[in-house]
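> What follows is a single structure, and I will ask about it in a moment.
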Amino acid sequence: MGIIQYDPIYSLCKVSSSTFRRFPRATVPFRLKAFSTGVHDKPSICTADELHYVSVSNSDWKLALWRYHPSPKAPPRNHPLLLLSGVGTNAVGYDLSPKSSFARHMSGQGFETWILEVRGAGLSVQGSNSKDIEQSANAMSEKMEDVLENATNEPMSSKKELDNIAGAVSGPYNSASEGVETENVAVIGDLTRLATAWDESKLVARLSETFTSLSERVSGFLGESQAKVMSAKLLDQFSKLLVDSPLYEQFNEVRGKLATLLETRQNSGITGQITDLSEKLVNIFEAGQLSVSPPLFDLQARFTSTIEDFQKQLDLMVKYNWDFDHYLEEDVPAAIEYILKQSMPKDGKLLAIGHSMGGILLYSMLARSGKEPKFAAVVTLASSLDYTSSKSTLKLLLPLADPAQALSVPVVPLGAMLVAAYEVSSRSPYASSWLNTLISAEGMMDPDLFKRLVLNNFCTIPAKLLLQLTTAFRERGLCNRDGTFFYKDHLHKSNVPILAIAGDMDLICPPEAVEDTVKLIPEHLVTYKLFGDPEGPHYAHYDLVGGRMAVEQEYPCIVEFLSCHDK
C-alpha cells in the first residue's frame with residue numbers, strides 16, 4: 001500500500017484534482033496533520049474515493065474521513081458536506097452499495113461529501129505513525145469483511161467474539177465465585193502443590209499495579225466518586241473470599257488503610273504505601289491458603305482470578321475512555337477544521353447532516369456556538385436533545401444511568417451483539433424479529449443491504465458515552481459531562497437553518513421526540529418533515545439513511561434544502 005506519510009500539506013495521490021475538485025487547492029501549511037490514500041491505496045471496506053486520517057489533540061486517535069468527489073455533471077456547489085453517524089456506528093451505513101448510498105447520492109448532486117468516523121468507530125485507529133495506522137486500518141477492514149462473509153457460512157460465528165468481550169466486561173463479579181465446590185474437590189489433599197505455585201512477588205506486583213491504576217491513571221478519567229466505587233468493588237470481592245476466615249479482621253484493617261489511601265488521589269508519592277499494603281494483603285491470603293483451621297484450599301486460584309479479571313475490566317475502561325463531549329469538543333471540530341482547509345469555501349462554512357447521535361452532535365454544536373457557527377445549514381435525521389416525552393426504545397439504556405452499573409459494564413459490544421442476534425433472527429421462524437423492526441420497516445431495505453448494515457455498521461460503545469446520553473431521558477434533556485450545560489436551553493441562540501426529519505415508524509427516535517427539539521428552534525429557521533404514510537411506505541430508524549424509498553422521497557427534500565442554503 002502506498003500511504004503518504006504525515007504531511008501538513010495535503011496531497012491528492014492518484015486522483016486528478018482538475019477532474020473532481022470544485023474548491024481552490026490549499027497551498028499553505030496548516031496545523032492539523034493527516035495523510036490520505038488514493039483510490040487503490042485504501043482498505044477495501046472503504047468504498048469512498050479517498051480515505052483521510054485526522055489527528056485529534058490530546059489523543060493518539062486518528063479519525064477516518066471518507067471523501068467522495070462531486071460529480072462533474074452536477075451543478076457546482078459552494079460548500080462541502082459533512083455526514084455524521086449515530087452512536088456506535090461507522091461510515092458503512094451511509095454507503096451500503098453503489099445503488100443505495102446516501103453519500104454517493106449527495107456527491108452525485110455536486111456536493112463534495114465527507115463522512116467522519118469518530119474515535120472507536122470503523123477505520124478510526126490509534127497509532128503514532130503511518131505504518132501502524134495502515135496496519136490497524138487494514139486489519140479492521142479484513143475483520144469487518146470476514147464477519148460479513150462468514151455470517152451465513154458459519155452459524156453463530158460471532159459467538160466466540162461476543163463471549164470474549166462479555167467475559168472481559170463481566171469482570172470478577174461472576175468468575176471468582178462460580179464452580180467453587182467443584183474446585184475444592186480437585187485440590188483437597190494437595191496443599192504442597194498449591195503452596196509451591198503461590199508466587200508472592202508476582203502477586204504483590206500485580207495487585208499494587210491494579211491499586212496504583214485506580215489511584216492515578218483510572219481515577220483521572222473516572223472522577224473521584226467513581227474511582228471510590230471501583231476500589232470498593234475490588235475490595236468487596238476480596239472480602240467475600242475471606243468472610244468465614246479468622247483472617248477476616250486482619251483483612252478489614254488493611255482494607256480500611258487502602259481505601260483511605262486511594263481516596264487521597266495523589267500521584268506517585270503513594271506508590272510505595274500501596275505496595276506495602278498490597279504485600280500485607282497477599283500475606284493474608286497466603287496465610288489463608290495454608291491455614292489448617294479451616295483450610296482454604298482454592299484461595300490462591302480465586303484470589304489470582306479476581307485480580308486478573310478486575311485488571312481486564314480496568315484495561316477496557318482505559319481503552320474505551322471517551323464520552324459524548326469528546327466527540328463534541330475534539331473529534332467533530334478536528335474534522336471540520338480539516339475539511340475546511342481542504343475545500344476552502346469562501347465563507348469558511350460547510351453543510352452538515354447528522355443521523356441519530358450525529359444529529360444530536362449538530363444540535364449540541366449549534367447550542368454551544370451560538371451565532372458564530374461553522375455551518376451554512378444543518379439537516380438532522382431522527383435526532384433529539386430530549387426523549388423524556390417519547391416511548392423511545394433507548395429507554396432500555398436507563399439502567400446504565402447509575403455510574404456504579406456503568407462501571408460494572410465498562411463497554412457494550414453492540415457490534416458483536418447485533419451480529420449474534422442477526423444470525424438467529426435471519427433464520428426461520430425468527431425472520432421478522434425485533435431486530436428488523438428496530439432498524440428498518442417492512443419492505444424498506446433490500447435483505448443484502450440490511451445484512452451489511454447489521455454486520456458491518458456497528459461498533460463497541462463505552463459505558464461512559466451511554467452514561468452521558470441517558471441524560472437525554474431526564475428533565476431538561478441532554479447535558480455535558482459535568483451537568484452544568486443543558487444543550488436544549490441554548491439551541492434557540494443559533495441562527496443556522498435546520499431541516500429536522502423524522503420517520504413515522506422510528507422506535508428509537510419517535511416523531512414526538514424530534515418535534516420536542518424542533519419546538520426549541522425559532523420558526524423561521526427550522527423546517528420539520530415527517531416521512532411515512534398511513535398506507536405505507538413506512539420509515540424506521542435507518543430507513544432515513546438507506547431505505548428503499550428514501551432516494552425518491554427523502555433525498556430530494558434534503559438536496560432542495562441544502563441547495564437553497566448553499567449560497
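> Looking at (1) under 29 Å from K319 (Cα atoms); (2) open to solvent by 20 Å² or more (accessible area, probe 1.4 Å); (3) polar (S, T, N, Q); (4) at pLDDT 65 or above, can you tell me which one S231 breaks?
Going through (1) under 29 Å from K319 (Cα atoms); (2) open to solvent by 20 Å² or more (accessible area, probe 1.4 Å); (3) polar (S, T, N, Q); (4) at pLDDT 65 or above one by one, S231 breaks only (2).
> Could you list, in sequence order, the residues of the range 495-509 that are open to solvent by 10 Å² or more (accessible area, probe 1.4 Å) and more than 11 Å from S383 (Cβ to Cβ)?
N495, P497, D504, M505, L507
> Collect the residues in the range 345-355 that are closer than 20 Å to I498 by Cα and surrounded by fewer than 17 Cβ atoms within 10 Å (Cβ to Cβ), keeping them in residue-number order.
Answer for the range 345-355, where residues must be closer than 20 Å to I498 by Cα and surrounded by fewer than 17 Cβ atoms within 10 Å (Cβ to Cβ): D347, G348.
> Related question: Tell me, which residue of the range 295-327 that is under 29 Å from the mean Cα position of the chain (by Cα) and of a type in the set (A, V, I, L, M, F, W, C) is surrounded by the fewest Cβ atoms within 10 Å (Cβ to Cβ)?
Applying the filter and picking the extreme gives V318.
> Something else: Does the range 115-132 contain at least one residue that is in a loop (DSSP other than H, G, I, E, B), under 30 Å from A287 (Cα atoms), modelled with pLDDT under 85 and open to solvent by 20 Å² or more (accessible area, probe 1.4 Å)?
Looking through the range 115-132, none of the residues is in a loop (DSSP other than H, G, I, E, B), under 30 Å from A287 (Cα atoms), modelled with pLDDT under 85 and open to solvent by 20 Å² or more (accessible area, probe 1.4 Å).
> I'd like to know if the range 328-344 contains one or more residues that are crowded, with 18+ Cβ neighbours inside 10 Å and modelled with pLDDT under 80.
No, every residue in the range 328-344 fails to be crowded, with 18+ Cβ neighbours inside 10 Å and modelled with pLDDT under 80.
> Just need a number here: residues in the range 357-399 that are over 16 Å from T471 (Cβ atoms), out of contact with any Phe, Trp or Tyr (no Cβ under 8 Å at 6 or more places or on another chain) and among the polar types (S, T, N, Q).
2
> Still on this structure, please answer the following. Out of the range 519-558, which residues are crowded, with 19+ Cβ neighbours inside 10 Å, among the aliphatic types (A, V, I, L, M) and assigned to a helix (DSSP H, G or I)?
Within the range 519-558, L544, V545, A550, I558 meet the criteria.
> Right, next: What tally of residues in the range 245-284 results from selecting those that are modelled with pLDDT under 75 and assigned to a helix (DSSP H, G or I)?
The qualifying residues number 5.
> Yes or no: the range 390-399 includes at least one residue that is closer than 27 Å to A550 by Cβ, within 19 Å of the chain's Cα centre (by Cα) and at pLDDT 95 or above.
Checking the range 390-399: not a single residue is closer than 27 Å to A550 by Cβ, within 19 Å of the chain's Cα centre (by Cα) and at pLDDT 95 or above.
> If I ask for residues that are among the hydroxyl-bearing types (S, T, Y) and modelled with pLDDT of 65 or more, which ones from the range 205-228 would you list?
Within the range 205-228, the subset among the hydroxyl-bearing types (S, T, Y) is 208, 210, 212-213, 215, 219, 225.
Selection gives S208, T210, T212, S213, S215.
> Could you figure out which of (1) open to solvent by 20 Å² or more (accessible area, probe 1.4 Å); (2) farther than 28 Å from K312 by Cα; (3) at pLDDT below 90 isn't true of A421?
The one condition A421 does not meet is (2).
> Hey, does the range 87-96 have a residue that's modelled with pLDDT of 95 or more, within 30 Å of D543 (Cα to Cα) and aliphatic (A, V, I, L, M)?
yes
> Right, something else. Among the residues of the range 466-494 satisfying the criterion of being assigned to a helix (DSSP H, G or I), in contact with a Gly (Cβ under 8 Å, 6 or more places away or on another chain) and open to solvent by less than 20 Å² (accessible area, probe 1.4 Å), which is nearest to L328 (Cα to Cα)?
Here the residue is Y487.
> Find the residue count for the range 400-416, including only residues that are surrounded by 20 or more Cβ atoms within 10 Å (Cβ to Cβ), at pLDDT 65 or above and either in a helix (DSSP H, G or I) or among the hydroxyl-bearing types (S, T, Y) (or both).
Final tally of qualifying residues: 2.
> Right, something else. So which residues in the range 94-106 are part of a helix (DSSP H, G or I) and open to solvent by 10 Å² or more (accessible area, probe 1.4 Å)?
R104, H105
> Select from the range 50-71 the residues that are assigned to a loop (DSSP other than H, G, I, E, B) and modelled with pLDDT of 95 or more and list them in ascending order. Write out each step before concluding.
Pass one, the range 50-71, residues assigned to a loop (DSSP other than H, G, I, E, B): 56-60, 69-71.
Result: H69, P70, S71.
> Here is a list of conditions, (1) at pLDDT 50 or above; (2) of a type in the set (G, A, S); (3) within 25 Å of S128 (Cβ to Cβ), and A74 meets all of them except one; can you say which number that is?
Of everything listed in (1) at pLDDT 50 or above; (2) of a type in the set (G, A, S); (3) within 25 Å of S128 (Cβ to Cβ), A74 misses just condition (3).
Results for (1) in contact with a Ser or Thr (Cβ under 7 Å, 6 or more places away or on another chain); (2) without any contact (Cβ under 8 Å) to a residue 24 or more places away in the chain; (3) in a helix (DSSP H, G or I), shown as yes or no for each residue.
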residue: M317; (1), (2), (3): no, no, yes
residue: H326; (1), (2), (3): no, no, yes
residue: V332; (1), (2), (3): no, no, yes
residue: I339; (1), (2), (3): no, no, yes
residue: L351; (1), (2), (3): no, no, no
residue: G354; (1), (2), (3): yes, no, no
residue: A376; (1), (2), (3): no, no, no
residue: T380; (1), (2), (3): no, no, no
residue: Y387; (1), (2), (3): no, no, no
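> Just a yes or no: is a residue in the range 522-539 under 22 Å from A91 (Cα atoms) and touching a Phe, Trp or Tyr at 6+ places or on another chain (Cβ under 8 Å)?
Yes: one or more hits.
> In addition: Could you tell me which numbered condition K312 fails, if it satisfies all but one of (1) of a type outside the set (D, E); (2) modelled with pLDDT under 95; (3) closer than 23 Å to Y53 by Cα; (4) assigned to a helix (DSSP H, G or I)?
(3)
The values are calculated or read from the model by the stated rules, or taken from the named source; none is laboratory data. Bear in mind the structure is a predicted one, so any value in this text is a computation, not a measurement. Glycine also receives a Cβ, built like all others from the backbone with ideal geometry; neighbour counts cover every protein chain displayed. Accessible surface areas use protein heavy atoms only, side chains included; no ligands, DNA or RNA. Shrake-Rupley method; radii C 1.70, N 1.55, O 1.52, S 1.80 Å.
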